[in-house]
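**Student:** Okay, handing you the structure first.
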Amino acid sequence: MPSSVAVYARISLDRDNEQLGVARQQQDCLELAQRLGWTVAEVYIDNSISASKDILRPEYERMMEDLSSGKRDGLIVYDLDRLTRKPAELESFIALSEKAGFALANVAGDVDLNTANGRMLARFKGAIARQEAERIGERVSRAAKQRAEKGIPQKAKHRPFGYTVDYEIVPDEAEMIRNAYARVIAGESLTAITRDFQAKFSTVANGRWYRQTVKKILQRPANAGIRVYKGEEVGVGTWEAIVPRSTYDAAMEVFQGTSKPMPDLANKHLLSAIAKCGLCGFVMYGRRPNKSSKAKYVCMTTHGGCGKIARAQEPLDGYILRLVAEYLKRVAPTVVEVDDNQDKIVAQQQRIKELQQAYSDELLSMADFMPMVNIEREKLKKLQKDSAKAVATTAVTTKSDEFLNGNLSKQRSVIRRYISEIAVMPAGRGARKFDHNLIEVIWKEAR
Ligand SMILES: [Zn+2]
C-alpha cells in the first residue's frame, strides 16, 4: 500500500460553467485516498488553464520528478484529463508509471493504469481525444468559412462596439463611429477623437478607450458591411453597415498613409466633418481654394453625401466663431481642477488582482468571489468614467477670448462641446452672398 501519495489538481480559471473547481477535485481525491487507505503526502496544484496548451505547469513537472525519484509512491487524480491532454505527455506518464511502479487511482475510475488493459485503454482514449479534437477543429473552420461567405456576422466574446450581439445597430455608438470616420478623413488627430470616445462611452469590455482601441474599431471592415474570413474579404455582410464602403476605404488610406487626409486637414478648415449637409445629413469636408473658387465646405458624393451643397468657408467659419464666442461670454464656464483619478484607478485595479489571486489560491469560493469582484469592478468603472469626464471637461473649458485666440483644434473641440449640429441649408441658384439664415445651429443646452 502506497505511503507517500501525491494528489494532483488543476485549475481552469476561464471556465465558470465547468463546476469542477479545484476544491472539489482535491476533496474527491482525498476522499478516495481515505477509502483506499492511502496516505497523502502532498497536493500539487497548477494554475494553468488547459492541459493541452503549451503552458508551463511547474507543479506537474515537480510531481513527475517526485514520482520518478520514488519520493512519492502513489498518485491520485480526478481523471486523466486533469493530468494531461497531450498524447505524448500521456505516453511518457505511462512509461514512468511502468518504470517507477507507483500506484495510481483516479476518482472518475474508468482507467486503471496499473494493468496492461488499463494502459491500452488510456492510450486509446488519448488517441481518440486528439482525433476528435482535430475533427471538430476542421468542422468548425469549414462551417465558419461557409458562414463568412454567406455574410453571416462573426461571433466574438464581446459584442462589437456599434452593434448588438446580433449585429443590430446601436444608434448612439454608431453615430460616434460615423463621426470618427469623418474626422479621420478630415485629418483630425486620433488623440482628439479618442478623448471624445472616453468622455461618452466605455468599451464593450467596460474598459477605457485608447488611441489604439479607437483605431482598431475604425479598422473593422464590418463597419462597412464587409465580411472577412482569416483576413480576406469573402462577402457582403447581411447586417446594416454603419458607413459606406467609400468612407471606410478613405479612412483606411489615411491610416496607411497612402493618401493625405482628404481635402486639407482639420487644421485648415474649422468645420470640416463638423458641418452637415442640410439635404442629406452627411458631414461636409473642407476644400482648398483653387483658381476658380475660394476655400469652401462641400457635401461629397465620394463619402456618401448627395453632393448638392457647398458653402464658402470664410464667412461660415466667422459666423460660427462669433456665435460661440458670444455664447461663452454669457456662460463663462469656470476652469475645473482635473483630478484624473489615476492613483485611485491603479489602486482599484490592484484590489481586483488581489481578489483574483485569492480566488486562484483557494482562499475564496466562487460564490464569495463573484459578488465581491463584481462590486470592485463597478467601482473601477465609475472611477474610469469620472476620470474620462474630468479630462474631457478640462479639454474644452475656456473663455470667450481664449476660444477666439486658440488654435483650430481647440476651437473645434469647443464647438463640439456646445453645439450638437450645424446644418448648411441649400442657397438659391446663383446666390453669391453668405446668408447666416441658411445655417441651422442646434445647441446642446438651451441658451
Ligand atoms: Zn448632401
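The values are calculated or read from the model by the stated rules, or taken from the named source; none is laboratory data. The structure presented is a predicted model; accordingly, all values stated were derived computationally and were not measured. Note that each Cβ is placed from the backbone with ideal geometry, even for glycine, and that neighbours are counted across all protein chains shown.
**Student:** Could you list, in sequence order, all residues of region 170-214 that are out of contact with any Gly (no Cβ under 6 Å at 6 or more places or on another chain) and acidic (Asp, Glu)?
**Tutor:** Residues satisfying the conditions are Asp172, Glu175, Glu188, Asp196.
**Student:** Kindly provide the set of residues from region 16-36 that are over 45 Å from the mean Cα position of the chain (by Cα) and either at pLDDT 90 or above or surrounded by 18 or more Cβ atoms within 10 Å (Cβ to Cβ) (or both), ordered by number.
**Tutor:** Ala33, Gln34
**Student:** Okay, moving on. Output the number of the condition that Lys200 fails; it satisfies all remaining conditions of (1) surrounded by fewer than 18 Cβ atoms within 10 Å (Cβ to Cβ); (2) out of contact with any Ser or Thr (no Cβ under 6 Å at 6 or more places or on another chain); (3) farther than 19 Å from Glu421 by Cα.
**Tutor:** Lys200 satisfies every listed condition except (3).
**Student:** If you don't mind, another one. Could you list, in sequence order, all residues of region 294-329 that are within 16 Å of the ligand (Cβ to nearest atom) and either of a type in the set (D, E, K, R) or part of a helix (DSSP H, G or I) (or both)?
**Tutor:** Within region 294-329, Lys296, Thr301, Thr302, His303, Lys308, Arg311, Leu316 meet the criteria.
**Student:** (1) in contact with a helix residue (DSSP H, G or I) (Cβ under 9 Å, 6 or more places away or on another chain); (2) among the hydrophobic types (A, V, I, L, M, F, W, C); (3) modelled with pLDDT of 85 or more; (4) surrounded by fewer than 13 Cβ atoms within 10 Å (Cβ to Cβ): which one isn't true of Ile375, the others all being true?
**Tutor:** (1)
**Student:** Kindly indicate the residue of region 258-275 that is of a type outside the set (A, V, I, L, M), closer than 19 Å to Glu314 by Cβ and crowded, with 20+ Cβ neighbours inside 10 Å and also modelled with the lowest pLDDT among those meeting that condition.
**Tutor:** Pro263
**Student:** Just to verify a result, which residue in region 406-440, among those that are outside any loop (DSSP other than H, G, I, E, B) and over 35 Å from the mean Cα position of the chain (by Cα), is nearest to Lys276 (Cα to Cα)?
**Tutor:** Result: Val424.
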